[in-house]
1. Please arrange 182, 235, 285 by counting, for each residue, the other beta carbons lying within 10 Å of its beta carbon, fewest first.
2. How would segment 40-144 be classified by its alpha-carbon gyration tensor: rounded, prolate or oblate, with rounded meaning a/c under 1.5 and the a/b versus b/c comparison settling the rest?
3. Taking the radius of gyration and the Kirkwood hydrodynamic radius from Cα positions alone, what is the Rg/Rh ratio for segment 291-356, to two decimal places?
4. Find how much the distance from residue 88 to residue 161 grows on full extension, using 0.36 nm per residue of separation minus their present alpha carbon separation; answer in nm with one decimal.
5. Is the shape of segment 93-200 rounded, prolate or oblate, going by the alpha carbon gyration tensor and its root eigenvalues a ≥ b ≥ c, with a/c under 1.5 for rounded and a/b larger than b/c for prolate?
6. Taking the beta-carbon count within 10 Å as an exposure proxy, list 88, 346 from fewest neighbours to most.
7. Tell me, 131, 30 in order of fewest to most beta-carbon neighbours within 10 Å?
8. Under the rule a/c < 1.5 gives rounded, and otherwise a/b versus b/c splits prolate from oblate, where does segment 50-103 land using the Cα gyration tensor?
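Throughout, read-outs are computed from the coordinates displayed, never taken from laboratory work. The structure presented is a predicted model; accordingly, all values stated were derived computationally and were not measured. Positions of Cβ are generated from backbone atoms using ideal geometry, with glycine treated the same way; all protein chains shown enter the neighbour counts.
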Ligand code: ADP
Ligand code: MG
């Protein structure tokens, strides 16, 4: 089964490399954090290089599964490094009337919110990207006076296939429409003009805090909803013919991918469980479709999230998906599923995962190391 997978992924890569609409896929491994891990199992995944990682093969402890991605961010990677290598280069496009999207994908607890939002001390992709937008606008305005720019934001959530305005919490499910130029629009969605980063901060923080507070009470909801921040940059010519261009940047903290576990690779058993998140499931089909270049219809219309993102994902848009994973054993199957989705290639390597990391010169011969015992006993 795994070999089949490797072949499929290799084929996909060959086809995908010719296309321009690929979604870049980065993987970020968060640090090991399980303090209650009394068994001392250690991590089940480790980085090998800037594009490669290794996962324990649960079926056979003498093998590891080696995956390759566009980018791999190891556990030491800082917020700044993630922004610089995966996000910064797409920002200038939205000042030129193009669209872009950045998503954090992965199981609940693997670091999506840390990556997108971060904290005061370690700001994530969202504050860095918005700062960058204002910085670029300022430089552009200084260098010429033919064009003027205006920046604005919307902030919404998709929960149970309902589109909810987070800047106007009392509003109802909003419709998604397409205009004559194939732009996706949401009539009734609050759009707030922004004059600076601190202006953004003023509007965004209360809305996102609302969501976080609500989510601790309603844990289910926060891991099942998609939080979508839209930054819109409108560029207007001051002189005739007064041309106008609009660029959109979507910054998305996705629902937890663990909801998809039972769908497996084929993901056909959608109707079996109402718990499966339709939008997340469709997003993975859309990304797979864009990256494998199998032709055919990209199923944007099958869910609210993908319909909303249709003009900003694939086509001429610039898209990055940051797949977040956690190293603890309890995430093993969610990690396995997320990596199979994110990987450009995968191969089985005939090398025990753990022994190599732990074989310290001080290990007395004949005494099994703690990790070897684990490796022997960890097959579920
Ligand atoms: P998710 O949003 O995917 O459910 P979180 O972003 O809330 O996950 O992360 C879970 C926990 O792990 C949080 O306490 C978070 O601060 C921490 N965390 C996640 N990624 C990192 C990282 N790269 N470095 C340090 N702590 C992290
Ligand atoms: Mg989160």
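1. So the residues, fewest neighbours to most, are 182, 285, 235.
2. prolate
3. Rg/Rh: 1.09.
4. The span from residue 88 to residue 161 would gain 23.2 nm if fully extended.
5. It is oblate, given that a/c is not under 1.5 and a/b is not larger than b/c.
6. Taking fewest neighbouring Cβ atoms as first place, the list is 88, 346.
7. Neighbour counts put them in this order, fewest first: 131, 30.
8. prolate
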